[in-house]
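Here, each number is a calculation from the coordinates, and none is a lab measurement. These numbers come from a predicted model, not from an experiment. Every residue, glycine as well, gets a Cβ built from its backbone with ideal geometry; the counts of neighbours run over all protein chains shown.
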Amino acid sequence: MGATELNASQKDRVGYVRIQDIPVLNQDHCRMRDSQRVERIINEFVCGGPERMQVVSDFDYTITKQRTDDGVAVPSSFGIFNSCKSLPDNFKEEIDKLFHKYHPIEIDPHMPISEKVQYMIEWWTQSGKLATGFAFDLTELDQMTSQFKHALRDGTHELFDALLRLQIPVLVFSAGLGNSVVSLMEQANIMQPNVKVVSNFLRYRDGLLDGFQEPMIHIFNKNETVLEGGEYYELVHTRDHIIVMGDSLGDADMAAGVPSSSHILKIGFLFHHVEANMEKYMNAFDIVLVDDQTMSVPQALLALIDKRHQLRHPHGSNGTAPVQAQLQSASL
């Protein structure tokens with residue numbers, strides 16, 4: 001059903017979803033630039049069902065919280081790695097210097113993205129050079145990530161369980177360290193067969209670290225164009241209903257490369273420099289959630305899709321049984 005087909009008479013029919021009837025979208029911390037557009041896309045999703053859905057999500061501070069309930073900051077996937085005790089002291093010192101130099105640039109609300117890109121490439125390139133020439137046992141990383149498996153947004157397990165049940169593919173796009181991402185997700189039991197991770201993974205040579213595997217994924221180049229030609233892309237590129245979730249402005253473009261006819265709903269989690277960033281986030285995302293440490297909004301959207309799906313398929317089949325097996329074998 002096209003957007004132009006949702007005329008007034010259809011809006012009056014039973015089953016049409018209105019923004020005012022979705023409680024989580026009517027909270028003070030939930031902002032929308034164009035609520036009518038959001039309403040239209042939601043109804044496209046509900047009518048299209050799970051067969052046409054995919055989810056593309058950032059990891060750091062999107063799947064994980066931006067802060068814990070007691071206000072403690074949650075470390076990033078790179079931060080978890082950098083905390084490993086066996087890493088050389090000089091590595092930790094130099095990595096810390098890079099963080100304090102480049103992280104303020106990353107979250108600077110006044111610097112244009114076009115200027116930030118080169119700094120991010122420098123940050124990732126220099127980090128890769130530092131992570132070279134010494135041994136590292138990945139089991140230590142597992143021990144570190146286990147400490148943060150409870151730092152996921154409230155409702156994350158329920159959301160991922162529903163996505164698995166409905167066989168909706170989930171692409172986790174992370175500019176962080178993929179080894180930490182996968183380890184944490186496995187220990188939190190959300191690394192399901194319908195989930196794929198694209199990120200920066202450690203590379204080894206002769207038993208020693210040798211930087212990161214190619215291609216480099218930084219905060220402003222992670223989008224579905226890097227998947228073209230792969231089996232995962234072939235599996236999901238026809239799924240034209242997409243929920244995108246992220247906490248940085250670069251995350252809003254993670255669905256770039258999908259057909260222009262796709263219906264994309266972008267959810268942005270805003271925490272840093274709220275007032276200074278608000279206008280840019282409102283322009284980049286369809287829904288902006290201010291200091292929301294939950295998955296309540298994507299859960300509510302999925303519940304609406306699931307409810308309509310159950311009415312159509314009361315016996316529980318969505319006609320996509322092969323998808324899970326395809327996802328398990330798909331190569332990135």
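Here are the numbers for the structure shown:
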| item | result |
| --- | --- |
| Principal-axis tilt of helix 35-48 within the chain, Cα atoms, nearest 10 degrees | 80 |
| Kirkwood Rh and Cα Rg combined as Rg over Rh, evaluated for the stretch 1-156 | 1.10 |
| Residues of type lysines that Lys222 reaches as a straight line, Cα spacing below 25 Å, ignoring anything fewer than 8 places off in the same chain | Lys65, Lys97, Lys101, Lys116, Lys129, Lys149, Lys196, Lys266, Lys280 |
| Arg239 long-range amide H proximity, modeled H, under 5 Å | none |
| Residues with amide H under 5 Å from that of Met245, placed H, sequence gap 5 or more | Val56, Ser57, Asp58, Ile267 |
| Simple label model, 7 Å out from Cα along Cβ direction - Asp21 to His237, nm | 3.7 |
| In degrees, nearest ten, helix 274-284 long axis to first principal axis of the chain (Cα) | 60 |
| Inter-label distance for Gln147 and Ile113, nm, one decimal - labels placed 7 Å from Cα along Cα-to-Cβ | 3.4 |
| The chain: most fluctuating residue of Pro298, Pro88, Pro112 per GNM, C-alpha cutoff 10 Å | Pro112 |
| Amide proton proximity set for His273, modelled H, under 5 Å, gap of 5+ | none |
| Cα-based shape type of the stretch 74-208, given that a ≥ b ≥ c are square roots of the gyration tensor eigenvalues and the cut on a/c is 1.5 | oblate |
| The chain shape via C-alpha gyration tensor axes, a/c threshold 1.5 | prolate |
| The chain, relative contact order [Cα under 8 Å, separation at least 6], % | 26 |
| Point-charge dipole on Cβ atoms (K/R +1, D/E -1) for the chain, about Cα centre, debye to 20 | 700 |
| Most fluctuating residue given options Leu98, Leu311, Leu270, as computed from a GNM of the chain linking Cα atoms under 10 Å | Leu311 |
| Given the chain, longest segment not containing exposed loop trypsin sites (Lys or Arg not before Pro) (DSSP; at most 10 other Cβ within 10 Å) | 86-332 |
| Among Phe45, Phe148, Phe134, residue whose mean-square fluctuation peaks in a GNM of the chain (springs only between Cα atoms under 10 Å) | Phe134 |
| Estimated inter-spin distance, His29 and His313, nm [label 7 Å along Cα→Cβ] | 3.4 |
| Relative contact order (%) - criterion: Cα under 8 Å, at least six apart; region: the stretch 177-223 | 31 |
